[in-house]
Amino acid sequence: MNWTLKSAIGVSALILATQATAQITFYEGEGFRGRAFTTDNPVSNLKNYKFNDRASSVVVDRGRWEVCEDARFKGRCVVLRRGSYDSLHELRMESRISSARPVNNRGRYDNEAPAPLATPNYE
């Protein structure tokens, strides 16, 4: 097998592995309340799921996710780690998320959010 084909297969496997292990749930209200939307795939436009600019809290079940203010992963973006974000207000992303995609778990990102809650507090 030539080097180019081996590289392409390796990159494809890495992308699929990252996506297969990632899952995120958005909630309309703070504190994980209200309507929810869960995905384990990149979503380039939450408008297609009637969830554009609605998320006020998030639970990242698996992996890390980049969430962006604009469709197609544009505008201001923040990387969320595994855990629970009972409010997106401090991240200035409340009711602003329009797209989301899994990112590499081992990468370092300048736009990474502070550590989330270890587990959701549904009280």
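The values are calculated or read from the model by the stated rules, or taken from the named source; none is laboratory data. Fair warning: this is a prediction, and the values are worked out from it, not measured in the lab. We place every Cβ from the backbone using ideal geometry, glycine too, and count neighbours over all the protein chains shown. The protein model used for the area step is the full one, side chains on, heavy atoms only, and it has no ligands, DNA or RNA in it. Shrake-Rupley method; radii C 1.70, N 1.55, O 1.52, S 1.80 Å.
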Those strands (runs of 3 or more DSSP E) lying entirely in the stretch 53-104 with at least 1 residues open to solvent by 40 Å² or more (accessible area, probe 1.4 Å): 57-62, 64-70, 74-80, 99-103
Looking only at the stretch 38-49, and only at residues there that are in contact with a strand residue (DSSP E or B) (Cβ under 9 Å, 6 or more places away or on another chain) and over 12 Å from residue 97 (Cα atoms), the one that is least open to solvent (accessible area, probe 1.4 Å): 39
Which listed residue is over 22 Å from residue 115 (Cα atoms), at pLDDT below 95 and more than 9 Å from the chain's Cα centre (by Cα), from 20, 71: 20
Any pair with Cβ under 6 angstrom, 6 or more apart, that starts in the stretch 67-94 at a residue that is over 17 Å from residue 22 (Cα atoms) and ends at one that is hydrophobic (A, V, I, L, M, F, W, C) and in a strand (DSSP E or B): 75/68; 77/68; 91/78; 93/78
Those residues of the stretch 20-37 which are touching a residue at least 60 places away in the same chain (Cβ under 8 Å) and either open to solvent by less than 10 Å² (accessible area, probe 1.4 Å) or small (Gly, Ala, Ser) (or both), in sequence order: 22, 24, 26, 31
